[in-house]
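Structure first, commentary second.
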Amino acid sequence: MRPRSILVIAWLAIAASAAPKWVRVTAPHFVVTSDGSLSDARHVAGQLERMREVFHEAFPGLRDPAAPLEVLAVADRREFEALEPASYLGKGKLELAGYFQRAQEHNLILLRLDTNDSDHPYRVVYHEYTHLLTLGGGQVMPVWLSEGLAQFYESTEVNGNTASIGKFEDFNLQLLRERQLVPVATIFAVGPDSPYYREQSKGDIFYAESWALTHMLMMRQRQHHSHELDDYLALLRQNVDSVAAAARAFGDLAALQQQLDQYTRHQSYVYVNLPLSGKVNEKQFAMVDIPQSSADAERGEFLAYVGRFDDATKLLQQVLASVSAADPAGISADESLGYIASRQNKLEQAAHWYGLAVAGNTSSFLANFDYAAITMRLGAGDLDAPTAARVEASLQSAIRLNPDFAPAYGALASLKAERHEDLDDAYRFELQAISLDPNQFSYRYNASGILAQQRRYPDALAVLQRALPLATSPEEKFSCEQRISQIQEFQAQSDAYSNQLRARVAPPAASAAPPSTAPSPGPPALVRRTETAAPAAVETVLSGTIASVRCQLPLGHLLDLDLRGASGVVTLHVMDFAKVPLGTDNFDLPDHFSPCTQLTGLRATVRAAGDQIVSMIVAK
């Protein structure tokens, strides 16, 4: 009988040889992970790099995504179905050969390697890649042109160093010849919420006509060396209405309608063979074999982003069982499990998984931010000092990894404001968020709260007035108007209170002397004048129990309290409680001590000037 250990080793060897071998090819703008051959993976990367060159030839000003696009190129249909969205699975469903999944931090592409030319696996990828490039970087692009360009480029075929662009689409032409065309003025006016964009019955003709109109204008511009589309986009950037911009750039819309109708009746269409630079050299791409755990982490991430949470969780847990906590595959699995939990609104679980990724020194700015944001939400403004320090460190890491990510600055400002610390820094971070995303209501609204904490009421009101037009919901508008009213009231109370204080300490006016009938003694003697200081309020020490506290700011610094002592109740005031020296006698103040809610019931010894609190010692 053969020893059991030898049998186990032999079984493991057979299993290892049967398992798919994964490779990774890194090109300048794409990273391809594949269970196919190295040459197949390299070919995919080369095709995508050449397609990128096509776009930059057509649109020289386009900006590439900040991070390379991640591509999963799988060997066959079975593996593709194991990863594609569940909505495409089952009998009678559309069979895909390629899929593009957008994500906030990066974009993911799924491709099959076993398709033939008629399947055109890159069609969906090219379509979405067009959207990614033309709608990124603040581009102004109306719906009709965005969809028209995506369809125009989705049929592109790349062969060596030549790309065939603008091949006609049979299904679009058939639809356009069977249905009456929509007026071009209507096409130009379609927005994201239009029925022509959202409803199937109207959407089909809108997409087909957008393709035909774009195809006609693109070919006309290329043949006549004109710049109609460039002029149209320039007018849109100047905030000219889409229909008016079209009339100015393309000419009379009735004539354009007639031209389009004739164009859809053509029997043949031209397309462009574009020579490429030849700079894409697949042999220069970095190539490496990767372990199964790394491939599974990437596959699990894709499943998470397409919403197949159960399948993703099962695969990601297998990854975690096979690697150490510090392994990059394990950190990636932690991030994906955090994403799944957050999407399912399981915030404690999400904080746990994201926390593990952060502890593993993740390079994901989004994992750092999500850990901090979810932890802040769970803490409800009452984080203990160690947790607050971890949250701040994660937000700083998110900013370091992505300095243009406005939400990290906004969250850091909120953290400091909630803890009533470093308000100047908090305001500076909020200003940075506003500069990166000037149309975001919440950043200006939160900035007004920080200014109110600092008693900079006029500045707070000015910020709120600029925030009000940015409100995107009735709730935001109501909150903004309510805060404007509150701060105006606080400003009035503060002004009135300051006037009372000045009146209380001002010297009495001199009594008017009765007129004298005595003869004038001559010119008065020269007398040196001296300034007389206003008498200071007498300081007293009061003891008793704090019966009640009233905060007159939503952020709690202007404060009144009632102190019940042996001689009755005395009401005391302070303009900024944060500046009052506060000591304790027989206990330690908790983290995030709030005078508005936690002073009531404590015994207190108060040093006061008149009815103004100077310092305080509290005890239980």
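The values are calculated or read from the model by the stated rules, or taken from the named source; none is laboratory data. Because the structure is predicted, anything quoted here is derived from the model rather than measured. Note that each Cβ is placed from the backbone with ideal geometry, even for glycine, and that neighbours are counted across all protein chains shown. Calculation scope for accessible area: heavy atoms of the full protein, side chains included, ligands and nucleic acids excluded. Shrake-Rupley method; radii C 1.70, N 1.55, O 1.52, S 1.80 Å.
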In segment 343-357, the residues that are closer than 17 Å to residue 314 by Cα and part of a helix (DSSP H, G or I) = 343, 349, 350, 353
Flag for residue 181 being hydrophobic (A, V, I, L, M, F, W, C), modelled with pLDDT under 90, touching a helix residue (DSSP H, G or I) at 6+ places or on another chain (Cβ under 9 Å) and farther than 28 Å from residue 54 by Cβ = yes
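Each row is one residue, and each column tells you yes or no for (1) assigned to a loop (DSSP other than H, G, I, E, B); (2) at pLDDT 80 or above.
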site: 56; (1), (2): no, yes
site: 64; (1), (2): yes, no
site: 72; (1), (2): no, yes
site: 80; (1), (2): no, yes
site: 83; (1), (2): yes, yes
site: 101; (1), (2): no, yes
site: 108; (1), (2): no, yes
Sort out for me the helices (runs of 4 or more DSSP H) sitting completely within segment 191-237 that have 1 or more residues that are surrounded by 15 or more Cβ atoms within 10 Å (Cβ to Cβ) and modelled with pLDDT under 85.
-> 195-198, 200-224
Give the residue that is nearest to the chain's Cα centre (by Cα), with candidates limited to residues of segment 584-620 that are of a type in the set (Lys, Arg) and assigned to a strand (DSSP E or B).
-> 603
Does residue 587 qualify as being aromatic (Phe, Trp, Tyr), closer than 25 Å to residue 383 by Cα, in contact (Cβ under 8 Å) with a residue 12 or more places away in the chain and touching a helix residue (DSSP H, G or I) at 6+ places or on another chain (Cβ under 9 Å)?
-> no
Kindly indicate whether residue 437 is within 18 Å of residue 490 (Cβ to Cβ), charged (D, E, K, R) and free of Cβ contacts under 8 Å to residues at least 60 places away in the same chain.
-> no
Restricting segment 260-270 to residues that are out of contact with any Gly (no Cβ under 9 Å at 6 or more places or on another chain) and either hydrophobic (A, V, I, L, M, F, W, C) or assigned to a helix (DSSP H, G or I) (or both), the one least open to solvent (accessible area, probe 1.4 Å) turns out to be 260
Residue check: is residue 443 in contact with a Phe, Trp or Tyr (Cβ under 7 Å, 6 or more places away or on another chain) and either in contact (Cβ under 8 Å) with a residue 12 or more places away in the chain or not aliphatic (A, V, I, L, M) (or both)?
-> no
Within segment 341-362, how many residues turn out to be within 22 Å of residue 405 (Cα to Cα) and surrounded by fewer than 14 Cβ atoms within 10 Å (Cβ to Cβ)?
-> 2
Among the residues of segment 501-510, is any at pLDDT below 90, in a helix (DSSP H, G or I) and open to solvent by 90 Å² or more (accessible area, probe 1.4 Å)?
-> yes
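To keep it simple, each residue is scored yes or no on (1) among the hydroxyl-bearing types (Ser, Thr, Tyr); (2) over 30 Å from residue 28 (Cβ atoms).
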{"position": "259", "(1), (2)": "no, yes"}
{"position": "266", "(1), (2)": "no, yes"}
{"position": "284", "(1), (2)": "no, no"}
{"position": "288", "(1), (2)": "no, no"}
{"position": "300", "(1), (2)": "no, no"}
{"position": "310", "(1), (2)": "no, yes"}
{"position": "336", "(1), (2)": "yes, no"}
{"position": "340", "(1), (2)": "no, yes"}
Kindly list, by first and then second residue, each pair from a residue in segment 604-620 that is on the phi > 0 side of the Ramachandran plot to a residue that is in a loop (DSSP other than H, G, I, E, B), limited to pairs with Cβ atoms under 8 Å and residues at least 6 apart or on different chains.
-> 610/537; 610/538
Identify the residue in segment 606-620 that is touching a Gly at 6+ places or on another chain (Cβ under 9 Å) and open to solvent by 20 Å² or more (accessible area, probe 1.4 Å) and, among all such residues, is farthest from residue 540 (Cα to Cα).
-> 620
Where residue 75 falls short, out of the listed (1) within 22 Å of residue 292 (Cα to Cα); (2) among the aliphatic types (A, V, I, L, M); (3) within 31 Å of the chain's Cα centre (by Cα) = (3)
If only one of 399, 450 is under 22 Å from residue 576 (Cβ atoms) and open to solvent by less than 40 Å² (accessible area, probe 1.4 Å), which one is it?
-> 450
Return yes when residue 323 is among the β-branched types (Val, Ile, Thr) and either under 21 Å from residue 80 (Cα atoms) or crowded, with 22+ Cβ neighbours inside 10 Å (or both) and no when it is not.
-> no
Kindly indicate which of 316, 337 is in a helix (DSSP H, G or I), out of contact with any Phe, Trp or Tyr (no Cβ under 9 Å at 6 or more places or on another chain) and modelled with pLDDT of 95 or more.
-> 316
Quick one: residue 252 ticks every box in (1) without any contact (Cβ under 8 Å) to a residue 24 or more places away in the chain; (2) within 30 Å of residue 42 (Cα to Cα) bar one, so which box is it?
-> (2)
Pair list, Cβ < 8 Å and 6+ apart or interchain, from segment 143-156 residues that are part of a helix (DSSP H, G or I) to residues that are modelled with pLDDT of 90 or more and among the β-branched types (Val, Ile, Thr) | 144/187; 144/214; 145/214; 148/214; 149/214; 151/214; 152/214
Got a sec? Which of 310, 289 is more than 30 Å from residue 192 (Cα to Cα), loosely packed, with under 12 Cβ neighbours inside 10 Å and either aliphatic (A, V, I, L, M) or touching a residue at least 12 places away in the same chain (Cβ under 8 Å) (or both)?
-> 289
Among the residues of segment 269-290, write down those that are out of contact with any strand residue (DSSP E or B) (no Cβ under 9 Å at 6 or more places or on another chain) and among the β-branched types (Val, Ile, Thr).
-> 270, 280
